[in-house]
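First up is the structure itself, then whatever we jot down about it.
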Amino acid sequence: GITDQLKLIARLISIRNARGDGINRDMFYCEMGGYDSHFKVAQVLENKLPSLNYAVGWFWSEIKAQGLENSVTVVQGSEFGRTITPNSNAGSDHAWGGNYFMF
């Protein structure tokens, strides 16, 4: 899951010096699917967001423990946008803009 992916990334960051001379920048990718909710979007988010919140919180705590909070940037993005107003199935449909957050 997403927690395991972020734990691996944190580990790779922690051993960055042992991975070779000349490595001064890394970029990592992880993913968490299951957000394509055309029905019952609130239920989907209630099930998905707690584990995402835990994973990101754990990851950032680990980055701070490594003393790297001023050297690591996290960017979250969605591959496509969703409507804000619900459809007839209490879900959301595809839209134009995606959502992102960065810290």
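The values are calculated or read from the model by the stated rules, or taken from the named source; none is laboratory data. The model shown is predicted, which means the values in this text are computed figures rather than measured ones. Protein only, heavy atoms only, side chains kept; ligands, DNA and RNA dropped before computing areas. Shrake-Rupley method; radii C 1.70, N 1.55, O 1.52, S 1.80 Å.
Scanning residues 5 or more positions from Phe39 or on other chains, those with amide H under 5 Å from its amide H are Ser92, with H placed 1.01 Å from N in the peptide plane.
When the residues Arg19, Arg82, Arg11 are ordered by accessible surface, computed with a 1.4 Å probe over the protein chains alone, the sequence from largest down reads Arg11, Arg19, Arg82.
Ligands, DNA and RNA are left out, and with a 1.4 angstrom probe the accessible area of region 45-87 is 67 Å² per residue. Using heavy atoms of the protein chains and a probe of 1.4 Å, the accessible area assigned to Val41 is about 40 Å².
Arrange the residues Met27, Met32, Met102 by how much accessible surface each exposes, largest first, with a 1.4 angstrom probe. Each step should come with its number before you reach the end.
Details: Met27 180, Met32 50, Met102 140 Å².
Heavy-atom accessible area, descending, gives Met27, Met102, Met32.
Note on Lys48: aspartates and glutamates with a C-alpha under 13 Å away, same-chain residues under 8 apart excluded, are Glu31, Asp36. What separates the Cα centres of region 25-45 and region 60-97 is a distance of 8 Å.
Its DSSP H runs of at least 4 residues, each contributing -39,500 (n - 2.57), put the calculated 222 nm mean residue ellipticity of the chain at -12500 deg cm²/dmol, to the nearest 500.
With a 1.4 Å probe and all protein chains left in place, how much of the accessible area of the chain comes from carbon and sulfur atoms, in whole percent? Could you put the intermediate results ahead of the total?
Working: 4160 of 7620 Å².
Within the chain, the accessible surface is 55 percent carbon and sulfur.
3J(HN,Hα) along region 51-62: 6, 5, 4, 4, 4, 5, x, 4, 4, 5, 4, 5 Hz, from the Karplus curve 6.51 cos²θ - 1.76 cosθ + 1.60 with θ = phi - 60°, whole Hz, x for Gly and Pro.
The aspartates and glutamates whose alpha-carbon is closer than 16 Å to the alpha-carbon of Lys40, local same-chain residues fewer than 8 away aside, are Asp93. Just read off the accessible area of Phe101 with the full protein assembly in place, 1.4 Å probe, to the nearest 10 Å². Surface accessible to solvent at Phe101 totals approximately 90 Å².
Computed from Cα positions, the angle between helix 2-14 and the longest principal axis of the chain comes to roughly 20 degrees.
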